[in-house]
Amino acid sequence: MSICLEVKNLSKKYGSTIAVKDISFTVNTGEIFSIIGPNGAGKTSTIRMISTIITPSSGDCFIDGHSLVKSPNKVRENITYLPDEAGAYKNMTGNYYLKFMASMVSSEKLKQKEYFENAIKICKLGDRLKDKISSYSRGMIRKLLISRAVMNKPKLAILDEATSGLDIINALEIRRMIKELAKKGTSFLLSSHNMLEIEYLSDRIAIINKGVIYEIGEPVAIKQKYNAQNLEEVFEKVAKNI
Amino acid sequence: MKFLALLKKEVRDVINFQLILGLIISVIVFIFLGGFIKNISDTEVENLTNLQIIDNDKSEQSREIIDILKTSGFNVFVIENIEDINESALIFSSGFGKNILENKTTDIELYSKVSSLSNFSSVSSSSSTNAISIISNFYKNKIISQDISSENMDFFNNPILVKEKTEINNKVAEISSSTIKFFAISQTAVLPIIIFMIIVIASQMVSTAIANEKGDKTLETLLSTPISRISILLAKISASALVAIVMSSVYVVGFFLYMTGESSSSMDTTLFANLGIKLSGFDFILIGIQLFLTILIALSISIVLGAFSKDVKSAQITIAPLMISVLIPYILSILSDIQTLPPIIRFIVNLIPFTHTFTAGPNLILQNNILFLLGIAYQGIFLIGILFIAIKVFSSDSIFTVSTKSRKFKKNISM
């Protein structure tokens, strides 16, 4: 299996505070890879660096061979990013928003049309796409945003707390959507507090705390290693040993 | 007790960092302006007792009048030429004394030079008007002491006939300075209010929009798409420029219509046009250009400041420095002639780019074309500078890592 994302000794400092310390991992093509950890562990900083939102203090990462440090624009062509609790432009309709975001991803009209149609199929919002986003529920906005994030079948989709704040049905639909898209070849880098969701979705996970990755592996293997029933127990044991 | 707990909570909500900072800034602004205005007032009050006189008659009567004015508290300065007049002077023409001796109404010329259109500047010319009143009363009292007869009745009623001449833009007209000032001020009085309103509305609009984009994380999403950050910034600034064009056009047209209405009043506008104090079509275009630059500067500053706002609430306080830098020249331009302030203060005030917008109208009317053009040039340079800063902010992490939160300024590190 080919490597989609390679993170090499990535670090981030804010003044004297070290948010991420020398982390390394890889994500394979079509793999769902999750970063789990408590609040302030360094998840968002890691994701923001890989998403080219903030620059690393040291280290680098490569997406499809493109260096984040040297050619961030090339990296942006291969990723999409969905921030935690993100909103959309409330004065736009769902259709307009998807068309607008498609035009941000590609300047070719045909591709824009293709991406737009993909998004319509994925979000399953039907006629509600004609309505202003200000009238959408939180679940509808999240579906719209996830469809936006995968409309162009990126090499890597980075989703921060993909289902946070959603009800059971909406969260389930989104998890299924992620699984289906991964089967079709899109790699996912997820971040979440929800261990059960991560266990259900992820092919591999990384446990991060205080900016350091303590464990990387398949959920089943990690559970066995720590003799734990679920990832929550694993996380508790890892945290105690730190 | 429940009410008290609720009240305590509400007060804690209302009394926040923004409010305290706003109050501190307001006090500083008032102290600053108070100092300015006291300085201006002291100078003008001093001017109120200064009186320039040109005595072309050099008679016993004219010298008597000068002595009376001195004893009335005026600091009389007898000068020889019109070129020596600072703001206004009384001119006793030859024959003054002869007419007085013959109990004939005599002329005194009130010659004024208009070099400033500020409200306070009109105070100094009133010393001449006060002096005329004293001269008139002196002769009336003199006649009363001599018994009023039918021969001197006309002289008693009008001992002095004031002939006013006003010089503006090196042109002289037989018209009072107050009439000229009224017309000139009427042309520019509305402009500062318009400028102030445009800047406040546009800045709040842009900074709130940016803060919203940050709060909704739509900006974060946009910055992760394959578009350069400079393109995103340029799009924002271009959109702002379009808004600036529309706003300045609307306001200039509105201002023009206001002026058309003003011009259709009873005033003889041909005379004012001849004196060069009527804004021409070209002047309106220049004002439009300067308004456009001003709005663009305000919007660019708002984009930079808005980028440091965490939410809409904090966006309001982040643009406080911008509001203050508009407020100071706005108030000063109404009360005083900025170019006559003490050098250091004038330098500081001129560093504020908006000062040049507030002084644009008077500069055009008083044909201070170099000052006007220097103002536009400075604003152009300032705009380039602020655009450079905006590019730096948008190209760095600081747009996401430094922010003003509603309760306190803090480094926002979401790990």
(request) Towards the positive end of the charge dipole of the protein assembly as shown, with charges on Cβ (+1 Lys, Arg; -1 Asp, Glu), say which of B:Ser128, B:Leu335, A:Leu159 has the farthest Cα. (result) A:Leu159
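Which of the trypsin sites (Lys or Arg not before Pro) found in segment A:28-119 are in a DSSP loop and have at most 12 neighbouring Cβ atoms, other than their own, within 10 Å?
Filter output for segment A:28-119: A:Lys70.
Add -39500 (n - 2.57) for each DSSP H run of 4 or more in chain A, then divide by its residues: what number comes out at 222 nm, to the nearest 500 deg cm²/dmol?
Using -39500 (n - 2.57) per qualifying helix, the result is -12000 deg cm²/dmol.
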(message) With every protein chain kept in place and ligands, DNA and RNA left out, what is the accessible area per residue of the protein assembly as shown? Probe 1.4 Å, answer in Å².
(response) 47 Å²
(request) Relative to the longest principal axis of the C-alpha atoms of chain A, give the angle of the C-alpha long axis of helix A:168-183, reported between 0 and 90° and rounded to the nearest 10°. (result) 80 degrees
(request) State the answer as a single residue: which of A:Ala86, A:Met177, A:Ser187 lies farthest towards the positive end of the charge dipole of chain A, with beta carbon charges of +1 for Lys and Arg and -1 for Asp and Glu, about the Cα centre. (result) A:Ala86
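Provide the FRET efficiency to the nearest 0.05 for the B:Phe138-B:Asn170 pair, computing r from the beta carbons and using R0 = 35 Å.
Step by step, r from the Cβ atoms, then E = 0.50.
Taking a ≥ b ≥ c as the square roots of the eigenvalues of the Cα gyration tensor of segment A:1-107, is the shape rounded (a/c under 1.5), prolate (a/b larger than b/c) or oblate? Spell out each step's value before the answer.
Details: a/c = 1.88, a/b = 1.42, b/c = 1.32.
It is prolate, given that a/c is not under 1.5 and a/b is the larger ratio.
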(request) Partner chain Cβ atoms within 10 Å, averaged over the residues of B:209-222 - can you pull that number for me? (result) 5
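Calculate the mean, over all residues of peptide A:35-43, of how many other protein chain Cβ atoms lie within 10 angstrom of the residue's Cβ. Don't skip to the answer; put the middle values down first.
Numbers: counts 0, 0, 1, 0, 2, 3, 1, 1, 2.
Shielding by partners across A:35-43 averages 1.
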(request) Just give the residues from segment A:1-25 buried by at least 40 square angstrom of accessible area in the all-chains context relative to the isolated chain, probe 1.4 Å, and say none if nothing qualifies. (result) A:Tyr14
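At R0 = 56 Å, how high is the FRET efficiency between B:Val246 and A:Val69 if r is their beta carbon distance? Nearest 0.05 is fine. Don't skip to the answer; put the middle values down first.
On the way: r = 42 Å, r/R0 = 0.75.
Approximately 0.85, to the nearest 0.05.
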(message) With the crude spin-label approximation of a point 7 Å out along Cα→Cβ, what separation in nm comes out for A:Leu172 versus B:Glu60?
(response) 12.0 nm
(request) Specify whether the C-alpha gyration tensor of the protein assembly as shown places it in the rounded, prolate or oblate class, a ≥ b ≥ c being the square roots of the eigenvalues: rounded for a/c under 1.5, otherwise prolate if a/b is larger than b/c and oblate if not. (result) prolate
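Please find the FRET efficiency linking B:Gln146 to B:Phe182, where r is the Cβ-Cβ separation and R0 is fixed at 35 Å, and quote it to the nearest 0.05.
Computed FRET efficiency for B:Gln146 and B:Phe182 comes out at 0.30.
Can you pull out the trypsin sites (Lys or Arg not before Pro) in segment B:180-254 that DSSP calls coil and that have at most 11 other Cβ atoms within 10 Å? If you can, show how the numbers build up before the last one.
On the way: sites: B:Lys181, B:Lys214, B:Lys217, B:Arg229, B:Lys236; in loops: B:Lys217.
In loop regions of segment B:180-254 (DSSP not H, G, I, E or B), there are no sparsely surrounded trypsin sites (Lys or Arg not before Pro).
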(message) Excluding ligands, DNA and RNA, what is the accessible area buried between chains B and A, summed over both sides, using a 1.4 Å probe, to the nearest 100 Å²?
(response) 2400 Å²
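Going down the list A:Lys90/A:Lys153; A:Lys8/A:Lys109; A:Lys90/A:Lys223, which pairs span over 31 Å between their C-alpha atoms? Spell out each step's value before the answer.
Values: A:Lys90/A:Lys153 25 Å; A:Lys8/A:Lys109 37 Å; A:Lys90/A:Lys223 43 Å.
Exceeds cut-off: A:Lys8/A:Lys109; A:Lys90/A:Lys223.
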(request) Name the residue, out of A:Leu144, A:Leu189, A:Leu110, whose mean-square fluctuation peaks in a Gaussian network model built on chain A with Cα pairs under 10 Å. (result) A:Leu110
(request) Take peptide A:79-88, look around each residue's Cβ out to 10 angstrom, count Cβ atoms belonging to other protein chains, and average those counts. (result) 5
(request) With a 10 Å radius around each residue's Cβ, average the other Cβ atoms per peptide and rank B:162-173, A:204-215, B:73-84, B:302-313, highest first. (result) B:302-313, A:204-215, B:162-173, B:73-84
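Say the cut-off is 31 Å between C-alpha atoms; which of A:Lys70/A:Lys184; A:Lys21/A:Lys111; A:Lys143/B:Lys236; A:Lys113/A:Lys143; A:Lys132/B:Lys236 go over it?
Numbers: A:Lys70/A:Lys184 29 Å; A:Lys21/A:Lys111 39 Å; A:Lys143/B:Lys236 27 Å; A:Lys113/A:Lys143 19 Å; A:Lys132/B:Lys236 22 Å.
Too far apart for the 31 Å limit: A:Lys21/A:Lys111.
The values are calculated or read from the model by the stated rules, or taken from the named source; none is laboratory data. The shown structure was predicted, so the numbers you read here are calculated from the model rather than taken from an experiment. Glycine gets a Cβ as well: all are built from the backbone with ideal geometry, and neighbour counts include every protein chain shown. When the accessible area is computed, the model is the full protein with side chains, heavy atoms only, and any ligands, DNA or RNA have been set aside. Shrake-Rupley method; radii C 1.70, N 1.55, O 1.52, S 1.80 Å.
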